[in-house]
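The values are calculated or read from the model by the stated rules, or taken from the named source; none is laboratory data. None of these values were measured; they are calculated from a predicted model. So basically every Cβ, Gly included, is an ideal-geometry build from the backbone, and we count neighbours across all protein chains shown. Calculation scope for accessible area: heavy atoms of the full protein, side chains included, ligands and nucleic acids excluded. Shrake-Rupley method; radii C 1.70, N 1.55, O 1.52, S 1.80 Å.
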Amino acid sequence: MADTGNRLRKQLESANFDPQNYVKQLSQQSDGDRDLQEHRQKIQTLADETAQNLKKNVYKNYRQFIETAKEISYLESEMYQLSHILTEQKSIMESITQALLSADKDEAAKEMLAAFPKETEEVKQRTLTTLLEKVEGCKNIMETPGRYLVYNGDLFEYDVDNMSQIQKVHAFLMNDCLLIATWLPNRRGAVRYKYNALYDLDSFAIVNVKDNPPMKDMFKILMFPDSRIFQAENSKIKKEWLEVLDETKKNKAVKERHKKEEEIPNSPVRQEVSKNPFDVEESSASEELVDLSLEWIQELPEDLDVCIAQRDFEGAVDLLDKLNEYLKDQPISQPVKELRAKVEERVRQLTEVLVFELSPDRSLRGGPKATRRAVSQLIRLGQSTKACELFLKNRAVAVQTAIRQLRIEGATLLYIHKLCNIFFTSLLETAKEFEMDFAGNTGCYSAFVVWSRSAMKMFVDAFSKQVFDSKESLSTAAECVKVAKEHCKQLSEIGLDLTFTLQSLLLKDIKAALHSFKEIIIEATKHRNSEEMWRKMNLMTPEALGKLKEEMRNCGVVNFDQYTGDDCWVNLSYTVVAFTKQMMAFLEEGLKLYFPELHMVLLESLREIILVAVQHVDYSLRCEQEVEKKTFICQNASFLYETVLPVVEKRFEEGVGKPAKQLQDLRNGSRLIRINPESTTSLV
């Protein structure tokens with residue numbers, strides 16, 4: 001028989017096994033129905049053995065499955081951290097590459113400048129003369145002294161109206177004008193071009209024409225009321241034309257302005273002689289009021305530069321305070337204005353350095369104390385608002401980075417303990433540092449409160465993702481919320497209460513969790529009700545009975561002994577006992593999650609769960625015909641109404657602080673009438 005089973009197993013396990021051919025051969029070889037029944041029994045036996053072996057293997061490897069799942073979770077968290085580290089390293093390498101490229105470009109430019117020094121104006125003039133010899137009709141252009149060539153090249157001119165190509169031209173840009181020459185179809189010796197137009201640089205404007213294929217690499221010259229459009233050979237040459245035209249126009253404007261300033265006659269100004277004898281004394285007195293010849297004032301700008309370079313921020317601010325104190329209540333003269341202008345430039349540089357010190361790009365190690373130095377100096381500079389904003393941004397990035405780097409553990413509660421410890425400790429340290437740094441700036445406290453709410457939202461996002469999105473049990477969710485509330489209470493020692501913020505942010509997820517587990521309990525209760533046989537429970541051993549009694553005492557049912565019988569029997573239905581334990585567990589977890597906004601949600605959930613059991617008992621009592629079973633059902637109903645529901649009401653009132661009126665109405669609305677075995681009275 002064993003050999004037959006092994007042959008059958010090998011036949012079924014073979015790679016080329018065909019069920020249809022197998023059945024066809026079996027039906028042809030069998031003698032009748034008996035052979036088919038025997039073969040069916042062999043296959044059924046083989047299937048049972050296979051199922052049993054599969055169960056044994058699952059039980060045998062169950063711990064390995066769990067450990068493998070944990071390892072996968074650890075690996076996932078490590079891969080996330082590795083990805084974050086690689087991203088940071090990539091950004092660092094890109095910044096280093098950009099810095100090296102810019103340094104190489106600067107060095108190459110210096111080498112080119114050293115190898116090929118700029119041409120003198122004489123060389124440029126000779127070059128222009130040589131080029132203009134190739135242009136017909138422009139001999140008088142070089143008569144203007146100081147004129148030299150800046151840039152030249154071939155261009156194509158297009159019609160402004162229909163954008164059709166007109167002709168090929170050659171443009172000569174000089175330091176004060178632009179010459180346009182057309183190509184000669186028939187060359188005459190060295191002459192290649194013919195004079196077309198000459199524009200003074202002040203008489204036209206340059207406009208970049210947006211590329212619209214096939215019309216691209218174009219720019220326009222506007223000369224009121226006319227205009228001309230030219231096309232360069234490629235985008236690089238077009239960019240060069242635009243840049244050199246703009247730079248040449250600016251250089252000419254600057255040169256003309258300096259020339260006009262030099263042409264202003266420096267005629268001596270005759271000082272008016274005052275007839276008032278007290279004028280001389282007043283003027284000398286006003287000049288003696290502010291003495292800027294002191295050595296420390298003369299060296300102040302340089303000293304500020306040194307302090308900024310050496311990162312001596314305190315010394316720089318001390319020098320500024322000393323200067324402000326010296327110039328306090330002093331008249332504002334021209335030397336004072338000049339000194340203040342120099343100092344203001346150093347203040348701007350100092351502010352930029354302090355802002356960089358507080359930027360999130362800097363290292364976040366050292367906690368909030370590491371920012372104290374820069375914050376205090378910004379406050380001394382009168383920029384407390386900026387200091388507050390940068391401090392809070394720095395701490396927000398630090399908290400976010402700490403949460404992101406937190407390793408995701410297999411156990412949710414362990415992860416939440418670490419998450420709460422990191423977040424609330426950081427928040428507490430930030431609050432203490434903020435109170436120390438901005439003690440004299442009460443207007444900044446509102447910004448800290450707003451920042452605390454945004455930080456709490458970031459914490460709740462990570463919390464909910466791990467607790468609620470992963471569909472943890474209600475008991476685990478309740479423990480996690482309890483841990484978060486306990487950590488949140490630590491902030492009360494500094495006068496910061498974020499409990500309401502935490503509750504309001506968690507409200508939606510907790511409602512969804514209560515609703516989900518309420519539905520699970522209702523479905524489980526309905527399933528048990530559908531298989532209800534209304535039989536007493538036999539726990540078989542005294543240990544099991546003692547364990548059930550202990551569970552009922554933990555649920556608050558202290559008089560459970562009156563429902564137990566002899567020889568480990570319990571005079572209650574398994575369905576009612578299981579319902580009691582499940583509902584009391586739901587109530588306890590719900591009370592851990594409770595806050596006022598959840599009052600009606602928890603109450604209605606309890607009411608819906610109880611109604612399922614009550615309606616089933618009432619329906620069974622009305623439909624049952626046997627007197628003995630009806631008596632047993634009444635005993636279970638009595639347990640529900642006289643023992644379980646009062647315990648639920650009492651525990652709810654203890655946990656919430658006010659009675660559950662809906663539960664009282666539910667119990668009072670359904671009244672149990674005691675019956676004798678012959679009675680047919682049920683629940684009303």
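Against the definition (among the hydroxyl-bearing types (Ser, Thr, Tyr), in contact with a helix residue (DSSP H, G or I) (Cβ under 8 Å, 6 or more places away or on another chain) and open to solvent by 50 Å² or more (accessible area, probe 1.4 Å)), how does residue 530 come out, yes or no?
The answer is no for residue 530.
Taken over region 140-168, the criterion of being open to solvent by less than 40 Å² (accessible area, probe 1.4 Å) and either assigned to a helix (DSSP H, G or I) or free of Cβ contacts under 8 Å to residues at least 12 places away in the same chain (or both) is satisfied by 141 alone. Test residue 344 against the stated conditions and say whether it is open to solvent by 60 Å² or more (accessible area, probe 1.4 Å) and within 42 Å of the chain's Cα centre (by Cα). Yes. Any residue at all in region 122-129 that is in contact with a helix residue (DSSP H, G or I) (Cβ under 9 Å, 6 or more places away or on another chain), closer than 28 Å to residue 256 by Cβ and not in a helix (DSSP H, G or I)? No, the conditions are met nowhere in region 122-129.
Restricted to region 176-260, the set of strands (runs of 3 or more DSSP E) holding at least 2 residues that are of a type in the set (Phe, Trp, Tyr) and crowded, with 16+ Cβ neighbours inside 10 Å comprises 191-200. Figure legend. Inter-residue proximity from region 492-512: first residues surrounded by 18 or more Cβ atoms within 10 Å (Cβ to Cβ), second residues of a type in the set (Asp, Glu) and in a helix (DSSP H, G or I), beta-carbon distance below 7 Å, spacing 6+ or different chains. Indicated pairs: 503/597.
Can you spot a residue in region 566-578 that is open to solvent by 10 Å² or more (accessible area, probe 1.4 Å), touching a strand residue (DSSP E or B) at 6+ places or on another chain (Cβ under 9 Å), free of Cβ contacts under 8 Å to residues at least 60 places away in the same chain and in a helix (DSSP H, G or I)? Yes - at least one qualifying residue is present in region 566-578.
Being of a type in the set (D, E, K, R) and in contact (Cβ under 8 Å) with a residue 40 or more places away in the chain is a condition met by at least one residue of region 202-215.
Among 459, 468, which is the only one that is crowded, with 16+ Cβ neighbours inside 10 Å, at pLDDT below 85 and closer than 24 Å to residue 516 by Cβ?
The conditions single out 468.
Does residue 476 meet the test of being buried (at least 20 other Cβ atoms within 10 Å of the Cβ), of a type in the set (Ser, Thr, Tyr) and in a helix (DSSP H, G or I)? It is false that residue 476 is buried (at least 20 other Cβ atoms within 10 Å of the Cβ), of a type in the set (Ser, Thr, Tyr) and in a helix (DSSP H, G or I). Put simply, of 103, 108, 171 the only residue that is of a type in the set (A, V, I, L, M), at pLDDT 75 or above and not in a loop (DSSP other than H, G, I, E, B) is 171.
In summary, residue 499 fulfils each of the numbered conditions (1) of a type outside the set (D, E, K, R); (2) farther than 24 Å from residue 587 by Cα; (3) modelled with pLDDT under 85 with the single exception of condition (2).
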